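Each value in this text was obtained by applying a stated rule to the coordinates, not by laboratory testing. A quick note: this is a predicted structure, and the numbers were derived from the prediction, not measured. Cβ placement follows ideal geometry from the backbone for every residue including glycine, while neighbour counts extend to all protein chains displayed.
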Amino acid sequence: MARSDTTALAGSRRDPGSSRATRRLRREGSVPGVVYGGGDDPVPFQVDARELRNALAHRGAVIDLALDGGKAQPVVVKEEQRHPVSGALVHVDLLRVRLDRPIQATTIIDLIGADDAPGVKEGGVLEQITREINIEALPTNIPDAIQHDVSEMQINDTLTLSALVAPEGVTLLDDLEETVMVTLSPPRVEEEPEIEAETELVGEEGEVPEGAAAPAEEAAEAGGDEGGE
């Protein structure tokens, strides 16, 4: 990612207010946030929600944040808070960075070639165990994603993070041997439920169908009726 890929974002300082004031700000189409780091005090700010979404379109992108028309400063996203139901961005924390110093960040693993893997063609189940990983790089070198080709995977293969080739200038921080990236398991066989046939045996070992009277009982009842007449 080159320096030319940075995104300009204009905002304004805000006074930390009540929850009611924050809700009103969101209804008006703005998102509250705080910018930290760089040896300066944290600064609460607000930005237009649509412009912020555009600025965050690239994962890990450096944003040139200018508040109240002042000098822009490079920042990266520290944390996003989203509505649990709608998924809308409700708060963002930004971190001031120096472009000549590496920072720690996260990125995702993008698997390609899954449909071509021999194990998948044989009916195996490919599962991505780890999607997000920790990396270290200069702010302008943080990739949106790191691709890995799994088109050669066979059934029972397991790939750890050691198989992932990081772009130049990017260091993988997670355990290379212990972090499982993707597995390809044998086909899952669904067991058919056992169906037990229920049969009603009539006349075996003196048994009679439920609700039917035995001949001896019928004779006794008949005799009793005659004696009572």
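Here are the numbers for the structure shown:
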item	result
Under-5 Å amide H pairs with Val35, H placed in peptide plane, nonlocal only	Val43, Phe45, Leu94
Using θ = phi - 60° and Karplus 6.51 cos²θ - 1.76 cosθ + 1.60, couplings along the range 108-125 (whole Hz; Gly, Pro as x)	10, 9, 10, 7, 10, x, 4, 5, 8, 5, x, x, 6, 5, 8, x, x, 10
Per-residue ³J(HN,Hα) for the range 163-170, Karplus 6.51 cos²θ - 1.76 cosθ + 1.60, θ = phi - 60°, Hz, x for Gly and Pro	7, 7, 9, 7, x, 4, x, 10
Inter-probe distance in nm under a simple model that places probes 7 Å from Cα toward Cβ, at Asp93 and Asn134	1.5
Label point at Ser185 placed 7 Å out along Cα→Cβ; residues across the range 158-173 whose backbone nitrogen lies under 16 Å	158-159
Normalised contact order of the range 3-96, rounded percent, pairs of Cα under 8 Å and 6 or more residues apart	33
Virtual spin-label span in nm between Lys71 and Thr7, 7 Å along Cα→Cβ	2.5
